[in-house]
Every structure is written in structure tokens, then in C-alpha cells.
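Every number here is computed from the coordinates shown, using simple stated rules; none is lab data. These numbers come from a predicted model, not from an experiment. Glycine also receives a Cβ, built like all others from the backbone with ideal geometry; neighbour counts cover every protein chain displayed.
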Ligand code: ADP
């Protein structure tokens with residue numbers, strides 16, 4: 001209950017006065033206040049105090065020196081809306097903080113309210129029509145407005161999005177960007193951020209958001225206004241462009257490498273053919289035909305080598321261009337085919353080729369056969385003289401991917417050559433010791449990369465090597 005002396009005092013007031021207790025519950029209203037608000041009969045405690053605390057414009061919070069002040073629109077019991085100026089000041093009662101609200105109404109403000117309402121409705125319809133998503137915060141940076149584009153995008157209601165509700169839609173990995181711009185927000189400075197926001201269909205889309213501070217006529221900060229654009233397509237195009245540029249760089253490097261080594265590796269047998277053909281021709285001219293058969297064999301050997309090189313090169317260039325679409329491939333079956341293909345080599349060398357339980361993976365079956373065949377063939381080929389080659393192929397489950405290993409007991413590789421051997425035409429041995437074109441591992445690398453994995457070797461010279469590659473599940 002309001003103390004009697006206050007009541008007598010406020011009853012003489014011509015201004016509208018409302019008193020609230022320390023819980024901000026209305027306890028007293030003088031006659032001008034009842035008249036102004038239209039809240040005539042009944043219990044003062046039922047007066048909707050919150051309605052006059054909804055700050056509209058020109059808000060000045062209370063402090064030690066100043067009363068709190070603002071202007072707001074209030075809907076009277078008869079439905080009319082009035083534009084009030086509200087001032088609130090402390091009223092100490094029995095050591096507690098009660099408050100006196102003074103409400104003043106000026107018909108001139110009505111005009112202001114109408115103008116404001118008109119401009120607000122213009123703004124809202126403009127904002128709702130634009131494809132850009134727009135929001136506004138109050139001076140405490142809580143969002144109170146989202147335009148139609150935003151609500152259509154998130155598929156949520158305004159009530160769900162206001163305050164900090166919208167934040168639930170931000171991708172958990174991107175919430176940090178708002179901490180990063182915290183200092184700009186605290187100092188009311190323009191900012192721009194990118195983050196992913198959940199669309200109504202559950203898909204996260206990339207958003208570019210530009211925030212601009214709004215300032216009230218008295219210069220105080222009124223909140224931020226933000227505009228957001230869905231830049232997912234642009235972002236995807238950027239990613240694709242970066243991937244294409246990388247692929248272009250890679251194929252360029254490959255081409256350079258190719259041009260460099262081709263001049264050596266392809267010319268070497270050509271030179272040999274040319275010199276033997278010249279010898280043969282001289283011999284024929286001079287009528288000395290003995291030994292021609294041997295020369296012919298050398299020349300044919302060169303031709304065969306060029307053929308092998310060209311075949312391997314074709315395979316190499318076809319990995320990306322002529323690949324088949326991915327489908328489930330049982331690597332147990334692949335290993336059976338590989339051992340069948342290598343039957344001659346296995347029986348020639350007496351090699352023991354075994355494999356553990358192999359998984360089913362998603363890939364290009366022809367390329368996976370080629371991959372495991374190249375690795376197994378090398379494992380048999382690079383054997384230590386007088387040691388029976390033993391090759392074991394096995395798989396390890398690594399969660400998201402499989403790690404496949406081809407282990408041998410061959411000559412091994414010095415660790416300084418670990419990466420070089422995957423480069424096209426790079427060989428560590430003379431052809432007389434171990435035949436080959438130096439393309440096999442480059443093909444393996446390309447196939448593994450096309451399947452989104454990696455390939456590498458671990459080895460000990462004289463003891464053997466294990467080639468590993470990974471493949472996504
Ligand atoms: P190629 O077998 O035709 O020489 P690769 O590209 O398959 O070409 O291999 C490149 C080089 O890597 C080989 O020449 C050899 O020196 C080395 N290498 C490949 N596999 C093995 C292995 N299992 N053990 C030892 N060295 C190997």
C-alpha cells in the first residue's frame with residue numbers, strides 16, 4: 001500500500017502519475033493517469049505496466065543523476081493508441097526502491113507517432129520485399145526485428161528468432177566468428193562476417209553478413225542493422241575454381257615433368273633403333289649381311305621398349321580421363337584376379353603371395369585391380385637374389401577409411417628415395433638389373449588420389465618394403 005502522505009500529495013498533481021513498488025508492480029495511479037490511460041475502475045495492480053516500458057524511441061536509461069526517459073506508444077482500453085513521454089524516478093519508501101512514473105501526452109506527438117508509424121510501415125514493406133535478409137537489434141544488441149526474407153530462409157517464427165534465438169541456427173563450427181568481432185560490436189563499429197546458417201530444409205548455407213550501427217538523434221547507440229546474403233553458390237564456385245586451378249597446376253607440373261623425362265626415356269630406345277638400323281643399312285649396302293639377325297633383334301628390342309613405354313604412358317594419362325564411375329568393389333575378389341594375372345611371375349619366382357581379410361570399398365574396380373597388381377608385381381620383381389619373394393597384402397580399419405598394405409621381403413628402398421619413386425619415369429635401378437618403365441608407381445599414386453586417398457612407402461634396405469595406401473569407406 002502506498003503511504004497516505006504520498007497519496008494525498010499525488011492526488012493534487014495535474015500530471016499523470018503511476019507509482020510502483022520495489023517489484024515494479026503498480027500500487028497507485030492518480031486521477032489524471034487513470035484518465036490518460038483509460039484504466040479507470042478496478043485494481044491498479046492489474047495495470048499492464050510492461051506496455052509503457054516497451055521502449056520505442058529516445059531512450060535514456062536512469063542513472064544517479066538522471067531520471068530514466070523514453071517515448072512509447074500505448075494502447076488504451078478503448079483501442080486508441082496514444083504516444084506518451086515517460087519519465088521514471090526513484091521513490092524511497094521504507095528503505096525500498098519504489099518508482100514514480102510520470103506520463104505526459106502531447107497531441108503534437110501524435111503527428112510524430114503517425115509519421116513514425118508510416119515510415120516504419122514503409123520500411124517494413126520495403127525490407128520484406130527485398131531478397132536480402134535484414135535484421136535489427138536494440139541498444140542492448142538483442143535482435144527484435146527480422147524481415148520476411150530472413151524468416152522465409154530459416155523457416156522459423158519471429159518469436160523464435162528474436163533476442164538471441166537466431167543464434168541456434170548458426171553452424172556450431174562458426175559461432176566463433178561472433179566472438180572474433182566482439183570488440184567491433186562493443187564499440188559500435190561496422191563489421192562483416194561469414195558464417196553458415198541453417199536453412200528451413202536443414203541445409204547449412206554460407207551467409208555474408210554486414211552489420212551497421214544505428215545512432216539515435218541524440219547521438220546515442222540505437223542498435224545494429226544487419227543485411228545478410230546467401231553466398232553459398234559463389235563460395236562453391238570459388239572452391240571449384242581453386243580445385244580446378246590446383247588440378248591445372250598439377251597437370252602442368254606433370255606435363256613439364258613428362259616433357260623432361262620423355263626426351264630422355266623415349267629417346268634412348270629410339271637412338272638405339274636408329275643406330276642399329278643405320279648399321280643394318282650400311283651392312284646391306286656393303287653386302288656384308290652376316291650378323292644382321294642380331295642387329296635386328298636389338299632394333300626390335302628398342303621398338304618393344306618404346307611400345308611398353310607408350311602403353312604405360314597411355315594408362316597413366318587415362319587414370320583421370322577414362323575412369324569408370326565408382327561402385328562397391330570387393331578387394332578379396334580383386335586380389336584373386338591380381339594373383340591370377342601374375343600367375344606366370346609367381347610360378348617363375350616361386351613367390352608366396354597371400355592376403356588377409358579384405359574389405360569392400362567404393363571405387364573403380366579396373367583401377368583398383370591395376371593398383372594392387374602394380375604393387376604386388378613390384379613386390380615380387382624387386383626381390384633379393386636367392387630369396388623367395390614373400391608378399392602379404394592386408395587391410396586395417398581406420399574408422400573413416402581403410403589402410404591397405406602390400407608388404408614384401410625384397411631389396412628395400414633407401415628412405416631418401418621414398419617420394420621420388422612415385423614420380424613418373426623415376427627408377428632406382430638399371431634396366432639390366434630390374435626391367436620396367438618407371439611408370440607403375442606414378443599410375444598407383446594417380447589412382448589412389450582419384451579415390452581420395454594417399455600412398456606412401458616404409459622400408460628397410462635389404463629387408464623389404466611395405467607400400468601403404470588409404471581409401472575412404
Ligand atoms: P618400374 O617398376 O617400372 O621401375 P615403378 O614406378 O613401379 O616403376 O617403380 C619405381 C621404382 O621404385 C622402381 O624402379 C624401384 O626402384 C622402386 N620400387 C618400386 N617398388 C619397389 C619394391 N617393392 N621394392 C623395392 N623397390 C621398389
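The ellipsoid equivalent to the alpha-carbon distribution of the stretch 394-473 has semi-axes of 24, 16, 9 angstrom, derived from the gyration tensor eigenvalues as √(5λ) and listed largest first. Relative to the longest principal axis of the Cα atoms of the chain, helix 107-129 runs at roughly 20 degrees. By other beta-carbon atoms within 10 Å, ranking 200, 392, 451 with the fewest at the front produces 200, 392, 451.
Coordinate range of the alpha-carbon atoms in the stretch 324-473 per principal axis, descending: 40, 31, 26 Å. With neighbour counts taken as other beta-carbon atoms within 10 Å, the residues 439, 346 rank, fewest first, as 346, 439.
Once Rh is set to the Kirkwood radius over Cα pairs, what Stokes-Einstein translational diffusion coefficient, in µm²/s, holds for the stretch 4-109 at a temperature of 37 °C and a viscosity of 0.692 mPa s?
Details: Rh = 14.1 Å.
Taking Rh from Cα pairs, D becomes 233 µm²/s.
For the stretch 31-164, count all C-alpha to C-alpha pairs, find those more than 18 Å apart, and express that count as a whole percent of the total.
Summing the P(r) tail past 18 Å for the stretch 31-164 gives 66 percent.
Solvent-free Debye calculation, one equal scatterer per alpha-carbon of the stretch 193-262: log10 I(q)/I(0) at 0.11, 0.19, 0.20 Å⁻¹ equals -0.54, -0.85, -0.88.
Please report the antiparallel percentage of DSSP beta bridges with both residues in the chain, rounded to the nearest 5. Once the DSSP bridges in the chain are tallied, antiparallel ones form about 95 percent. Ellipsoid semi-axes for the stretch 74-141, based on the Cα gyration tensor and the rule √(5λ), read 33, 19, 10 Å when sorted largest first. An ellipsoid equivalent to the chain, defined through the eigenvalues of its Cα gyration tensor, has semi-axes of 88, 24, 18 Å when rounded to whole angstrom and sorted largest first. With helices as the sole contributors, the chain gives -13000 deg cm²/dmol at 222 nm; each DSSP H run of n ≥ 4 counts as -39500 (n - 2.57), and the sum is divided by every residue.
Reported to the nearest whole Å, the Cα centre-to-centre distance from the stretch 204-231 to the stretch 432-473 is 54. In a fully extended conformation the segment linking residue 123 and residue 394 would gain 90.8 nm over its present Cα-Cα distance, using 0.36 nm per residue.
Angle of helix 292-321 to the longest C-alpha principal axis of the chain, folded into 0 to 90 degrees and rounded to 10: 10°. Once C-alpha pairs closer than 8 Å and six or more residues apart are averaged by separation and normalised to the residue number of the chain, the relative contact order reads 7 percent.
So what is the diffusion coefficient of the stretch 154-298 in µm² per second by Stokes-Einstein at 20 °C and 1.002 mPa s, using a Kirkwood Rh over Cα pairs? Walk me through the numbers before you get to the answer.
Numbers: Rh = 22.1 Å.
Result for D is 97 µm²/s.
For the stretch 122-143 versus the stretch 279-327, the inter-centroid distance based on Cα atoms is 74 Å. Taking all Cα-Cα distances within the stretch 130-230, those exceeding 23 Å account for 20%. Remark: 148, 446 ranked as 148, 446, counting other beta-carbon atoms within 10 Å and listing the fewest first. For the chain, the longest principal axis of the alpha carbon atoms and the long axis of helix 331-341 meet at an angle near 20°.
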